[in-house]
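Below you'll find the structure, written out as structure tokens, and then a few comments.
Every number here is computed from the coordinates shown, using simple stated rules; none is lab data. Since the model is a prediction, treat every value here as computed from it, not as a measurement. Because the Cβ atoms are built from the backbone with ideal geometry, glycine has one as well, and the counts that use them run over all protein chains shown.
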Amino acid sequence: MTTLDVDRLAKVLRLLSSPMEGEALAAARKATEIVRTSGLDWLQVLKPASIIRIVQVQERQPPDVERALSSVEKIRKSGIPLSTREMEFIESLENRLRRYHMAPTEKQAAWLDDIAARADRAQGRPPSGASSFWP
């Protein structure tokens, strides 16, 4: 019997409506990878069949979206200088958090932690640490 993680597929498919073409294209490719990894093709996914068992997979809980948004807000309020790349990252991440309610990836969370630690130091607070998102 074939299994498909529809929750994960649905999260990825939400990104297809992204205004950023690269993000939408990456989402389409990731969705196809999820389908193929399950041993199915798109016709089988879209056409109900008794041989397909759709399951909800309990995954590790992602970082809290509200905590990530709080870090973004802290960074913005701190007034620390950000590179163009960091500003684009913060704007893109904030859009993803607010629009799709999707938590940052591990790589995004690590980068956000680094920038937030700089913001903490700039305001004389001890950094919250690199593990602020990932237990």
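Couplings 3J(HN,Hα) for segment 67-73, derived from phi with the Karplus relation 6.51 cos²θ - 1.76 cosθ + 1.60 (θ = phi - 60°), are 5, 5, 4, 4, 5, 4, 5 Hz, where x marks Gly and Pro. The largest-to-smallest principal axis extents of the Cα set in segment 65-122 are 30, 21, 20 Å.
Among LEU93, LEU16, LEU46, LEU40, the order by Cβ neighbours within 10 angstrom, fewest to most, reads LEU46, LEU16, LEU40, LEU93. At full extension, ARG99 and LYS30 could sit 22.9 nm farther apart than now, given 0.36 nm per residue minus the alpha carbon distance. In percent, rounded to a whole number, the relative contact order of segment 65-122 is 59, using alpha-carbon pairs under 8 Å and six or more apart.
Any chance you could check the Cα centroid distance between segment 12-33 and segment 102-116 for me, in angstrom? Centre-to-centre (Cα) distance: 20 Å. Rounded to whole numbers, the Karplus 3J(HN,Hα) couplings from phi for segment 31-44 are 4, 5, 4, 4, 5, 5, 4, 6, x, 10, 10, 4, 4, 5 Hz, using 6.51 cos²θ - 1.76 cosθ + 1.60 with θ = phi - 60°, and x at Gly and Pro.
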